[in-house]
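Encoded as structure tokens, the structure appears first; notes follow it.
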Amino acid sequence: MRTLTFLLFCLMMIVPQEGSTETKSSFTDCNDFYHAHSYRSAVDCYEQLSTEGYSAELFYNLGNSYAQLGQTGHGVLNYLRGLAISPGDSDIKGNLEALKNEHGLFDAERTFTHKFTRLLSLSQWCWLLLTLFMCHIIVSFAVFRKKIINPKREWGLNLIFFLLGSLCIWSAFNHYQDWQKLVVINDTRLQVSPIDSGSAGLSIKQGRTVAPLKQYQEFTLVIDDSGRKGWVRQEDLVPIIIEKR
């Protein structure tokens, strides 16, 4: 089931997405609230538009509005949602980095694996995988027809396609796991056990991203980028990827 979900997610990333359904006039109204420093009204306006459709610009403006209100968790959340749609947006990346640095949300040192898989975006890895698949079909057809490629070299080409395809799948799945993370939207603590009376552990700031491990009643066991584990109330966590309504 998890593999099927991953494949469907990849398909969503390589198929051109329809534009958001928000009207230009409504979006302009929200922007007017923001420029008038009515950030709460701007948030309410953008949130209403998000029920009709999404866009990177919408999440970018929503992140800016939350940041102005001092709600760092929601600000980080919406910047990340914007990057999920437009991974190369330098404005979103810049504001996200500035917000995290301002509140001491420094990222852990990135591993070689993380740096390598981020050479391309998730959609680019998926496109590369699709291109390799199409090339493999063409090569296989050429071998079958015995016109272009010597059949004796087929095993070598198949091995190359297999290795490159596996690399693309591994890199894309690494990206996919990042988008399955949750954002802490309120300052809270990592509880030792999933009960109200459980002894509280280390604090965790709003704006941190965590990976879910399992759930128990209204709590979720999570692990952050530094490897710390603990139980957090589900009301303090929001997934980056929005579930379809």
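Looking at (1) in contact (Cβ under 8 Å) with a residue 40 or more places away in the chain; (2) in contact with a Ser or Thr (Cβ under 8 Å, 6 or more places away or on another chain), which one does SER55 not meet, given that it meets all the others?
(1)
What number of residues within the stretch 105-137 are touching a Gly at 6+ places or on another chain (Cβ under 8 Å), hydrophobic (A, V, I, L, M, F, W, C) and touching a residue at least 40 places away in the same chain (Cβ under 8 Å)?
Count: 2.
Where residues in the stretch 32-67 are part of a helix (DSSP H, G or I) and polar (S, T, N, Q), which of them is farthest from ILE241 (Cα to Cα)? Break it down into steps so the answer makes sense when it comes.
Filtering the stretch 32-67 for residues part of a helix (DSSP H, G or I) gives 32-35, 39-50, 56-67.
Filter once more, keeping what is polar (S, T, N, Q): 41, 48, 50, 61, 64-65.
Numbers: SER41: 24, GLN48: 17, SER50: 13, ASN61: 17, ASN64: 19, SER65: 20 Å.
Checked the stretch 32-67; the qualifying residue farthest from ILE241 (Cα to Cα) is SER41.
If a residue must be of a type in the set (A, V, I, L, M), assigned to a loop (DSSP other than H, G, I, E, B) and surrounded by fewer than 18 Cβ atoms within 10 Å (Cβ to Cβ), how many such residues does the stretch 92-109 contain?
Initial filter on the stretch 92-109 (of a type in the set (A, V, I, L, M)): 92, 96, 98-99, 105, 108.
Checking which are assigned to a loop (DSSP other than H, G, I, E, B) leaves us with 105, 108.
With surrounded by fewer than 18 Cβ atoms within 10 Å (Cβ to Cβ) added as a condition, the list becomes 108.
Qualifying residue count for the region: 1.
Is it the case, given these coordinates, that THR117 is surrounded by fewer than 12 Cβ atoms within 10 Å (Cβ to Cβ) and under 20 Å from the mean Cα position of the chain (by Cα)?
no
FYI, it's all coordinate maths here, none of it is from the lab. Worth saying up front: this structure is predicted, and the values here are computed from it rather than measured. Heads up, the Cβs are rebuilt from the backbone with ideal geometry, glycines too, and the neighbour counts pull from every protein chain shown.
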